[in-house]
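Have a look at the structure below, then the notes.
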Amino acid sequence: MARIIVITSGKGGVGKTTSSAALATGLAMAGKKTAVIDFDIGLRNLDLIMGCERRVVYDFVNVINGEANLNQALIKDKRVENLFILPASQTRDKDALTKEGVERVLKEMDELGFEYIICDSPAGIEAGALMALYFADEAIVTTNPEVSSVRDSDRILGILDSKSRRAENGEEPVKHHLLLTRYNPSRVSNGEMLSVSDVEEILRIPLLGVIPESQSVLHASNKGEPVVLDQESDAGQAYEDAIARLLGEERPFRFIEEERKGFLKRLFGG
């Protein structure tokens, strides 16, 4: 059975699509047959982050409407074996997604042998977001270390616990994970950001990863490459750690403490 994981948040601009691309790529690099679906109907950014925007012929809505089959719409990643992208439509609205249609596509993916299906959700609680989380087995709640972002994430946790298929059927609840993005320890020290422990105390869900604020994320997005492929960057390494934890490995958390400057750095301002 495929594990269906939704990447969600209450607030926009927290790095959900970046995280969806990185996590899906990392799972495929670990040998897991993985698909990543863009649920952001009408906008469509996942294909840009994945660098396959010119290869989009058919999309998620085409498959739901029977205008193309799943094999026609899935885009196989050129860099990583076992990784496939199902892009969103730019020309339809979010009502084009139906529960029956989405369920049929997910079932067909399961039959094709996908081990992980990553659902890149739009922000908030509109139709596309609710559809993305409805079928989830697990949810990676993505938030920045800011009060408004964390508060909105808390609302999403309530929706996951009440409006998912698992909740409707009285099954085991959706498993929650916390992914903290754009974390800057020096800004935490200055009181400009919430600390990891602050966010954990508010949301009270297991911490999957802490992604440091990094220019490498923007550079990777502009190149159409998931940042996890950049093994030299702190952000790439942090995503790699998060993927390992998702697969059951224990790893210490990095990049959450302010780097202590040595004597020479302090002396010369480095």
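Figures for the structure shown
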quantity: Dimensionless Rg ratio for the stretch 1-42, taking C-alpha atoms and the 2.2 N^0.38 Å reference; calculated: 1.23
quantity: Solvent accessible area, Å² - Asp154, 1.4 Å probe, full protein context; calculated: 70
quantity: Value in Å of the Kirkwood radius, where the chain supplies the Cα pairs that are averaged; calculated: 18.8
quantity: Residues listed by number, the stretch 114-141, amide nitrogen under 12 Å from Asp93 label point at 7 Å toward C-beta; calculated: 127
quantity: Per-residue [θ]222 nm for the chain (sum of -39500 (n - 2.57) over DSSP H runs n ≥ 4, rounded to 500); calculated: -11000 deg cm²/dmol
quantity: For the stretch 29-134: rounded, prolate or oblate by the Cα gyration tensor [a/c cutoff 1.5]; calculated: rounded
quantity: Filter on Lys107/Lys163; Lys32/Lys163; Lys175/Lys223; Lys11/Lys33; Lys11/Lys76 - keep pairs with C-alpha separation over 23 Å; calculated: Lys32/Lys163; Lys175/Lys223; Lys11/Lys33; Lys11/Lys76
quantity: Solvent-accessible area per residue for the chain (1.4 angstrom probe, square angstrom); calculated: 47
quantity: In nm, spacing of pseudo-spin labels at Asn69 and Glu200 (7 Å Cα→C-beta vector); calculated: 4.9
quantity: Distant-in-sequence amide H partners of Gln90 (H built 1.01 Å from N, under 5 Å); calculated: Gly42
quantity: Ellipsoid equivalent to the stretch 81-127 - semi-axes via the Cα gyration tensor, in Å; calculated: 21, 13, 11
quantity: Selection of trypsin sites (Lys or Arg not before Pro), the stretch 57-97, meeting DSSP coil and at most 11 other Cβ within 10 Å; calculated: Lys78
quantity: Largest to smallest principal axis extent of the C-alpha atoms in the stretch 152-231, angstrom; calculated: 43, 34, 19
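The values are calculated or read from the model by the stated rules, or taken from the named source; none is laboratory data. Predicted model only: the values in this text are computed from it and were never measured. Glycine also receives a Cβ, built like all others from the backbone with ideal geometry; neighbour counts cover every protein chain displayed. Accessible surface is based on the protein model in full, side chains and every heavy atom, while ligands, DNA and RNA are left aside. Shrake-Rupley method; radii C 1.70, N 1.55, O 1.52, S 1.80 Å.
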